[in-house]
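Novice: Sharing a structure here in structure tokens format.
The values are calculated or read from the model by the stated rules, or taken from the named source; none is laboratory data. Given the structure is predicted, the values throughout are model-derived calculations rather than measurements. Don't worry about glycine lacking a Cβ; one is built from the backbone with ideal geometry, like all the others, and counts go over all protein chains shown.
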Amino acid sequence: MILVDTSVWIDYFNGTINTHTDTLDAALIAGPVAIADIIFLEILQGFRSDRDYLKAKKTLATLDQYSIFNAALVEKCAENYRTLGKNGITIRKTSDIIIATFCIENHLPLLFMDRDFNPFVKHLGLLPVCPDIT
């Protein structure tokens, strides 16, 4: 099971071909691929066309889904943010902290392109699906 971040899905739905979208393609065939509620939200917010929105919604709804942010994760997210801050690293988006922390806590590999996840790999044990690319 892998979780796929928004940035990879955006490229995938836009038809961009790169290592990450090829990896996602292979994972969708081999399975299983999961999506988190916050990622689902970020993806759906980005569609302008109703047709594309409905197609993406239908496609993503077939994946294993996680509801990831809850009271138990709040403190862990704050701890991870503070740990990185003490190393001089500022993560730009709270959603990335939530996604990375969920993956770390659940030993779930993350397929991502967003550079904000790299410190989670380096300092906190996030498992990247494409370790040679981070």
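Novice: Checking the condition of a type outside the set (A, V, I, L, M, F, W, C), farther than 17 Å from PHE112 by Cβ and in a loop (DSSP other than H, G, I, E, B), which residue from THR62, THR16, THR83 passes?
Specialist: Going through THR62, THR16, THR83 in turn, just one is of a type outside the set (A, V, I, L, M, F, W, C), farther than 17 Å from PHE112 by Cβ and in a loop (DSSP other than H, G, I, E, B): THR62.
Novice: Can you name every residue in the range 121-134 that is closer than 16 Å to ILE2 by Cα, of a type in the set (A, V, I, L, M, F, W, C) and at pLDDT 95 or above?
Specialist: Listed by number, the residues that qualify are VAL121, LEU126, LEU127, VAL129.
Novice: Identify, please: which residue in the range 10-29 is touching a helix residue (DSSP H, G or I) at 6+ places or on another chain (Cβ under 8 Å) and aliphatic (A, V, I, L, M) and is, among those, surrounded by the most Cβ atoms within 10 Å (Cβ to Cβ)?
Specialist: LEU24
Novice: Also: Do you know which residues across the range 78-102 are in contact with a strand residue (DSSP E or B) (Cβ under 8 Å, 6 or more places away or on another chain) and more than 17 Å from LEU41 (Cβ to Cβ)?
Specialist: Taking the range 78-102 as the starting set, the residues that turn out to be in contact with a strand residue (DSSP E or B) (Cβ under 8 Å, 6 or more places away or on another chain) are 99-100, 102.
Within the range 78-102, none qualify.
Novice: Just to verify a result, which residue in the range 37-52, among those that are assigned to a helix (DSSP H, G or I) and more than 19 Å from the chain's Cα centre (by Cα), is surrounded by the most Cβ atoms within 10 Å (Cβ to Cβ)?
Specialist: Here is the first cut: in the range 37-52, the residues assigned to a helix (DSSP H, G or I) are 37-45, 50-52.
Now drop any that are not more than 19 Å from the chain's Cα centre (by Cα), which leaves 50-52.
Values: ASP50: 8, ARG51: 8, ASP52: 13.
Per the criteria, the residue is ASP52.
Novice: Scanning the range 67-115 for residues that are of a type in the set (Val, Ile, Thr) and farther than 24 Å from TRP9 by Cβ, which turns out surrounded by the fewest Cβ atoms within 10 Å (Cβ to Cβ)?
Specialist: THR90
Novice: Now for a separate question. Name the pairs whose Cβ atoms lie under 7 Å apart, with the first residue in the range 87-112 and at positive phi, the second modelled with pLDDT of 95 or more and outside any helix (DSSP H, G or I), and 6 or more positions between them or separate chains?
Specialist: Listed by first residue and then by second, the contacts come to HIS107/LEU127.
Novice: For a quick check of your reading of the model, give me the residue pairs whose first member lies in the range 67-86 and is small (Gly, Ala, Ser), whose second is assigned to a helix (DSSP H, G or I), with beta-carbon atoms closer than 6 Å and at least 6 apart or on different chains.
Specialist: Cβ pairs passing all conditions: SER67/ASP37.
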